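Worksheet: one structure, shown below.
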Amino acid sequence: MPLNKLLEELIMKRMLTLAIVFCSQSLLASNCIKFNDKDFCEVWNNKDDGVHTVELLAEGQSLESWSTMITVRKYKGKTALKEVLPGYINSVKPMFTLKPDILQSDTSKAKEEVYFRMLLLAPDKSHYEYVINRFYRDDDESVKSIFYSHRIPFAEQVNFNEIMENRDNWLEQLQSQNIDGHLGE
């Protein structure tokens, strides 16, 4: 095969590969949630044992190095919060640094809804996570949840001013989110 033809073929393959990578990133980036004046876009998606989880990060963050994250979940076949909450709480209980706040909304339109505000310490003690979790059921098919996680580097003295100033606003933003479209179902 002539060298020109070989080079042409190689260039075409690379262009095709770049086009595929670009398009796949665009598809993932199209699954975004506006939160705290930032777009959080899908970086991880998993369906395991009846739980569909999607993790979303702001631009420039990765699963290995993030400061804020949105997680949405759908618990297929679970039709009441009591079927989901005990397992979830038991999974995070070893990381509690303080007793979590348990809140309910007076203005909720959901059939069931509860919020948890908690401070967790990562198992490797590298960071804290301030997490606001909204668990709700708005139909009779499944329980859904949306979490906002704010990572705080571990230190002897930690400044929680940003958390205290913004936590009510973050909770309101979670309450206004409809996650159905973000689970790709």
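Taken together, the values in this text are just the output of simple stated rules run on the coordinates, not laboratory data. Since the model is a prediction, treat every value here as computed from it, not as a measurement. When we count neighbours, we look across all protein chains shown, and the Cβ atoms used for this are built from the backbone with ideal geometry, even at glycine.
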Within 10 Å of each residue's Cβ, count the other Cβ atoms and sort Glu42, Glu156 from fewest upward. Glu156, Glu42
From the C-alpha gyration tensor of the stretch 43-162, pull out the three semi-axes of the equivalent ellipsoid (sqrt of 5λ each), sorted largest to smallest, in whole Å. 25, 17, 13
Given a Förster distance of 25 Å, the FRET efficiency implied by the Cβ-Cβ spacing of Gln104 and Glu165, rounded to the nearest 0.05, works out to 0.65
When Trp44, Trp66 are ordered from fewest to most other Cβ atoms inside 10 Å of their Cβ, what list results? Trp44, Trp66
Summing Lys, Arg as +1 and Asp, Glu as -1, what charge do residues with Cβ under 15 Å from the Cβ of Glu59 carry, Glu59 excluded? -2
What trypsin sites (Lys or Arg not before Pro) in the stretch 101-181 are in a loop by DSSP, with at most 16 other Cβ atoms within 10 Å of the Cβ? Lys109, Lys111, Lys125
What ranking of His182, His52, His127 emerges when the number of other C-beta atoms within 10 Å of each C-beta is taken as an exposure proxy, fewest first? His127, His52, His182
Work out, step by step, the length gained on full extension between Lys125 and Asp37: first 0.36 nm times the residue separation, then minus their alpha carbon distance; give nm to one decimal. 28.7 nm
